[in-house]
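Here the structure is laid out as structure tokens; the discussion comes afterwards.
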Amino acid sequence: MNKKWLTILLALVLVFSMSACGNTDEPVSMTVETTQSTTEAGMSFDMSKLVTTYFENMPEHIYKIDQKEFIEKVNADEAMTIIDIRSAEDYGKGHVKGAVNMPWGPAIAEGLSSIPADKPVFVYCYTGQTAGQAVTTLNIAGFDARSVNLGWNLGISKVDGVESVTVTDVATLKAGATVIDPEIQTAMTDYYTGLAGVADSKYKNYKVSEAELKAMVDAKDDSIYVLSVRKADDYKKGHIEGASNIPFGKTMSAEFTTLPMDKTIVVYCYTGQTAGQATAALRLMGYEAVSLNGGMGTGSNSPSGWANNGFPLVSEVTSTLEKLYAEMPDHIYKIGEKDFIDMVKAGDAMTIIDIRSADDYGKGHVKGAVNLPWGPAIAENLASIPADKPVFIYCYTGQTAGQAVVTLNLAGLNARSVNLGWNLGISKVEGVADVTVTDAVSFEGAGLEISPAIQDAVTAYYAGLATIEDARFKNYKVSEDDLKAMVDAKDDSIYILSVRKAEDFALGHIEGASNVPFGKSMIDGFKTTLPMDKKIVVYCYTGQTAGQVDAILRLMGYDAVSLNGGMGTASNAPMGWANKGFPVVQ
């Protein structure tokens, strides 16, 4: 048979075949030109390799698209496939023009072969988190897929003009558009059918709520392993207690081998979306992984997320504070005013910092003292303070120096505050006139290298003094009269904390106060006792150790102030609660 007749015969076969199935959406049994494959023929299936490739080939868009950019593409009628994985009911109430509904679950795996492989795929859910999982599965199945930032509820629905591309008519895809590798199809089917096995557990949808994770962290539950995929710098600034860090990026899969196979990996990011990607990748590799609802939390997904729920963080700052106080010396970062003056007279090697105002410093200060007025000047000069000798710091009464000494020790210095400051302590020491001068001096000696995270925390601490809106809490303190008024009014916005000894607390304390005695184990007590949603009012004996606690708590993320003058003693009268004649209870 010559080529001409062969061509005619093949054409007739093709015509009859196509007319025979003209009333169905099902593909013909023979392979036709419109059917595409997401995999190469003869490909050897290796899920770990596919996951590695997924991350190593990650584009700059990290498999996500901004909600505004997405809507612009829809408005421009760009060629794309849109998949809405919300419930059929919510899809029916309104969805993006052209979006096909594959409700989160087995429908996604069942619909894989209907998704065209010749154009980009955009997936959205409610908040972006389950779409994060879906986009990993789609890309590993061979599609060019991205999830829409923050999903329908938090992203798409808030874009200006979205109403013009919101419709209720149902869009569909044609069955058999793409050939899926059988082994990949099985893996995806297993992934989505597996959701039924966790549907009635705290890990529903391969996620865990903020409250459930908080309970497990508090209980020291060793069945979980918390993994942050946020940037290393952000991890250092604050992370969930016990979390390790593998930053989201091209090389992250290389570190998955460090993760335990016998624990549930709880993954979190910023809002949950990239953690969703990581969770899917880990589960496909055989790990038991879930993502934290809302991630760490940002302004864009509030009130979801760990931090948006007011749950505590640990950081380089908090871990350093914990170590400083777990190993606190007997001098509790203070020095008696007489001992201090004796050291000055003896010419001992030391750095002295006077944090009173420049005017008061100029009127007279301890010989050798450098003036860093209370506030940003302390943070700005932190790296200039010599690190090769002890540092002694004083203020007016000891209370703000108590705060300052925490920030200096946090930075790596060996610092102590002088008891009762200049007014109540130093100026009353016999012979102090011999070491009182008016000439200004500056630092001598090598400063220290400070961790950027700690420098940032100290800078923010002092900068925060200028942002206090309520004048009652100026200098991170509260007066005796103002606290009395709040106690009398049963103000539930405050939480009063005594850090005096337990026996002294039992003898008499401010009404409503709780007690965590100042000492080596107090930070553990703070983490299990104190609320994040109230202003913590701390008091001690004269205000100085409460000043330390005030700074500790603020650096840990609490909203804390210390009571001016503390409970009050004879040494700081007439300051202090009891010295004012205010009542105590037992």
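Using a 7 Å offset from Cα along Cα-Cβ at residue 342, what residues in the range 399-440 end up with backbone N under 18 Å from the label point? In the range 399-440, the label zone of residue 342 (backbone N under 18 Å from the point 7 Å along Cα→Cβ) covers 416-421, 425-435.
Counting 0.36 nm for each residue step from residue 167 to residue 442 and taking away their Cα separation leaves a gain of 92.0 nm. Around the amide H of residue 559, modelled in the peptide plane, lie the amide H atoms of 536, all under 5 Å away and 5 or more residues distant in sequence or on another chain.
Selection among 438, 476, 505 by position relative to the dipole of the range 432-519 gives 505 as farthest towards the positive end (Cβ unit charges, Cα centre). Taken one residue at a time, the phi angles of the range 83-95 give Karplus couplings (6.51, -1.76, 1.60, θ = phi - 60°) of 10, 9, 9, 6, 5, 4, 5, 5, 4, x, 6, x, 8 Hz. Gly and Pro are set to x. Which angle from 0 to 90°, rounded to the nearest 10, does the C-alpha axis of helix 273-284 make with the longest principal axis of the chain? It works out to around 60 degrees. Near residue 194: Cβ cut-off under 15 Å, other residues only, Lys/Arg at +1 and Asp/Glu at -1. The net charge is -1.
Ignoring ligands, DNA and RNA, how do 490, 64 rank by accessible area with a 1.4 Å probe, largest first?
Values: 490 135, 64 40 Å².
Ranked list, largest accessible area first: 490, 64.
Please give me, ordered by residue number, the GluC sites (Glu not before Pro) of the range 317-376 that lie in loop per DSSP and have at most 12 other Cβ atoms within 10 Å. Those satisfying the criteria are 327.
Enter the angle in degrees (range 0 to 90, nearest 10) between the Cα long axis of helix 182-193 and the first principal axis of the Cα atoms of the chain, meaning the one along which they spread out most. Between helix and principal axis, roughly 50 degrees.
Using C-alpha pairs under 8 Å with a sequence gap of at least 6, the mean separation divided by the residue count of the range 428-548 gives a relative contact order of 21 percent. Computed in the context of the full set of protein chains, the accessible area of the chain at 1.4 Å probe radius has 52% of its extent on carbon or sulfur. How would the range 444-520 be classified by its alpha-carbon gyration tensor: rounded, prolate or oblate, with rounded meaning a/c under 1.5 and the a/b versus b/c comparison settling the rest? In terms of gyration-tensor shape, oblate.
Over the range 139-206, consider all pairs of different Cα atoms and compute the Kirkwood hydrodynamic radius from their mean reciprocal separation; express it in Å, one decimal.
Numbers: mean 1/r = 0.0638 Å⁻¹.
Radius from the Kirkwood sum: 15.7 Å.
The residues of the range 177-276 present an accessible area of 45 Å² per residue when probed at 1.4 Å with all protein chains retained.
Would you mind getting me the FRET efficiency between residue 66 and residue 569? Use the beta-carbon distance for r and R0 = 45 Å, nearest 0.05. Working shown, then result.
On the way: r = 60 Å, r/R0 = 1.33.
The value I calculate is 0.15.
On a 1.4 Å probe surface of the protein chains, which of 526, 518 comes out largest in accessible area, and what is the full order? Before the final figure, lay out each step's value.
Numbers: 526 0, 518 45 Å².
From most accessible down to least: 518, 526.
Close amide-amide hydrogen proximity is noted between residue 541 and 546, 567, each under 5 Å apart and 5 or more residues distant or on a separate chain (H modeled in the peptide plane; Pro and chain starts excluded).
For mean projected area of the Cα convex hull in nm², the value computed from the atomic coordinates appears in the list (i) 27.7; (ii) 35.9; (iii) 71.3 under label (ii).
Based on protein heavy atoms only, the range 311-455 ends up with 40 Å² per residue of surface accessible to a 1.4 Å probe. Just from its helices, what would the mean residue ellipticity at 222 nm be for the chain, if runs of 4 or more DSSP H residues each count -39500 (n - 2.57) and the sum is divided by every residue, rounded to the nearest 500 deg cm²/dmol? Result for the chain: -9500 deg cm²/dmol, rounded to the nearest 500.
Order the peptides 463-469, 578-584 from the highest to the lowest mean number of other Cβ atoms within 10 Å of their residues.
Working: 463-469: 10.3, 578-584: 15.1.
The densest-packed peptide leads the list: 578-584, 463-469.
Mind checking the angle between helix 544-555 and the chain's longest principal axis? C-alpha axes, 0 to 90 degrees, to the nearest 10. Orientation of helix 544-555: about 10 degrees from the principal axis.
The values are calculated or read from the model by the stated rules, or taken from the named source; none is laboratory data. Bear in mind that the values here come from a model prediction, so they are computed numbers and not experimental data. As a convention, Cβ positions derive from the backbone with ideal geometry for all residues, glycine included, and neighbour counts pool all protein chains shown. Ligands, DNA and RNA are stripped out before the accessible areas are found, and what is left, the full protein with its side chains, is counted by its heavy atoms. Shrake-Rupley method; radii C 1.70, N 1.55, O 1.52, S 1.80 Å.
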